[in-house]
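A short write-up of the structure that comes next.
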Amino acid sequence: MHETIGGFSDWRREGGQFPAEQGTVSSGGNGRRSGSGGGAAQSSSSRAAPASGSGSNKLSYKYKLELEQLPQRIRDLEARVAELHEEVSDPGFYQQENDRVQKILGELSDKESELESAMERWVELEEMASG
């Protein structure tokens, strides 16, 4: 294992490959490397393997389907986050029971994280599709 300074793009530029790619593309001695930079890139990179070998910018059926479904998922998450923000901004929100307030704030935080992850994944798949 080799540590790469920077993020996902730096790792890929230095020849980093996913296990699925190592069977289809000659790695030239480069094994899987982990980047020390962006944690979000590391967590989502494990599922971002391209569909086929180098030189192809086509997505597999699985990734195409995921890419097609992401915009609706993002819209749904944005709508839920907006609802929660509206609820939190109500003047009497913090006058409710603490358990209810904490539950709603926790859900808001979770949905915002899911939204951010979905948007990052969408960008990642778009980049894979465009080459």
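The values are calculated or read from the model by the stated rules, or taken from the named source; none is laboratory data. What you are looking at is a predicted structure, and each value in this text was computed from that prediction instead of being measured. Glycine also receives a Cβ, built like all others from the backbone with ideal geometry; neighbour counts cover every protein chain displayed. Heads up: the accessible areas ignore ligands, DNA and RNA and are worked out on the full protein's heavy atoms, side chains in. Shrake-Rupley method; radii C 1.70, N 1.55, O 1.52, S 1.80 Å.
Taken over segment 73-115, residues that are in contact (Cβ under 8 Å) with a residue 24 or more places away in the chain and either under 21 Å from the mean Cα position of the chain (by Cα) or outside any helix (DSSP H, G or I) (or both) amount to 11. Taking (1) open to solvent by less than 70 Å² (accessible area, probe 1.4 Å); (2) closer than 24 Å to GLU124 by Cβ; (3) touching a helix residue (DSSP H, G or I) at 6+ places or on another chain (Cβ under 6 Å) in turn, LEU84 satisfies each apart from (2).
The residues in segment 53-72 that are within 30 Å of GLY15 (Cβ to Cβ) and under 16 Å from the mean Cα position of the chain (by Cα) can be counted, and the count is 7. Evaluation of TRP122 against the conditions (1) of a type in the set (Phe, Trp, Tyr); (2) free of Cβ contacts under 8 Å to residues at least 24 places away in the same chain; (3) surrounded by 15 or more Cβ atoms within 10 Å (Cβ to Cβ) shows that the sole unmet condition is (2). Scanning segment 65-121 for residues that are touching a Leu at 6+ places or on another chain (Cβ under 8 Å) and not aliphatic (A, V, I, L, M) yields GLU66, GLU78, HIS85, GLU107, LYS111, GLU114, ARG121. Within segment 58-81, restricting attention to residues that are of a type outside the set (D, E, K, R) and under 17 Å from SER109 (Cα atoms), the residue that is most open to solvent (accessible area, probe 1.4 Å) is ALA79.
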